[in-house]
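A quick write-up on the structure given underneath.
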Amino acid sequence: MDGAIRRNPFMWELNLVATCLASLVGIMLGEEEDRWWWLPDESGAFSVKSSYRILENLVLLDVGLSAEEEGIFVKLWKSPAPSKVVAFSWLAFIDRIPTRSNLAFRHILANGDPSVCVLCGQGEETTSHLFLHCDVAVLIWRKVMDWLDINFITPRNLFMHFVCWSEACNSRRLLKAFWLIWHAVIWAIWKERNARIFFLDNQKWNLYVNKEGAHPSRSSAKELPNNYKRIVLIKDR
Ligand SMILES: [Zn+2]
């Protein structure tokens, strides 16, 4: 580069100039018009996939996953489940979902709000409790496993559960279907947990069975999960 600086540079600028010149060594200027080039993708074009890879690496570094756990991450995304469902499982894997335990840890729960599990009313609502070790979750998995004719002892976390679940499938052809069911159970437990907290919380709402057969009000019907369609929510006075 053949450049000249019109004034004498300050001492602190000399280093910057040297660094700039060093980074330009070997660069040949061509006749082509300048254009943007997205470095994370070989084609130079921006892609969501390459962006995801960058973020994934950041997250993996942040949570410090083992090589085995990183391998499971890859399998997680191969499920045919809707992407928002898989994304939720992914967040649950790295314990980044708003369980009551996580909310309490971040001081988001209001003073006096319990961090106890809303499904069983006993254990602390951690991710592994809610999806694996809660009495309600155990019953749900038991039913699903009986249906699929598989069996294994509940491991300590979701990673290991996903591994056991995958290994319990003895047919490669059915593996994706197994993964789909796994995501569906996780999603269903989370939806039920939210329904109980946000729609059926006895501290704020009283439950009335709709004896007259009238439909719930438009707003509550829209928010309620399907299995509660015959229940009316009326705010306690
Ligand atoms: Zn529980």
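Annotations
- Ranked packing of 42-52, 80-90, 116-126, most packed first, by mean Cβ within 10 Å: 116-126, 80-90, 42-52
- For the peptides 18-25, 155-162, residues were scored by their other Cβ atoms within 10 Å and the scores averaged per peptide; the highest-first order is 155-162, 18-25.
- Lysine pair count for the stretch 50-198 [Cα-Cα under 23 Å; pairs on different chains or 8 or more apart]: 9
- Rounded Å value of the spacing that divides the Cα centres of the stretch 168-189 and the stretch 67-136: 18
- Note on Arg196/Lys84: beta-carbon distance plugged into 1/(1 + (r/R0)^6) with R0 of 22 Å gives a FRET efficiency of 0.60.
- Taking one quarter of the surface of the C-alpha convex hull of the stretch 50-198 gives a mean projected area of 9.7 nm².
Throughout, read-outs are computed from the coordinates displayed, never taken from laboratory work. For clarity, every value in this text was computed on a predicted model and none was experimentally measured. With ideal geometry, Cβ positions are generated from the backbone for all residues, glycine too; neighbour counts draw on all protein chains shown.
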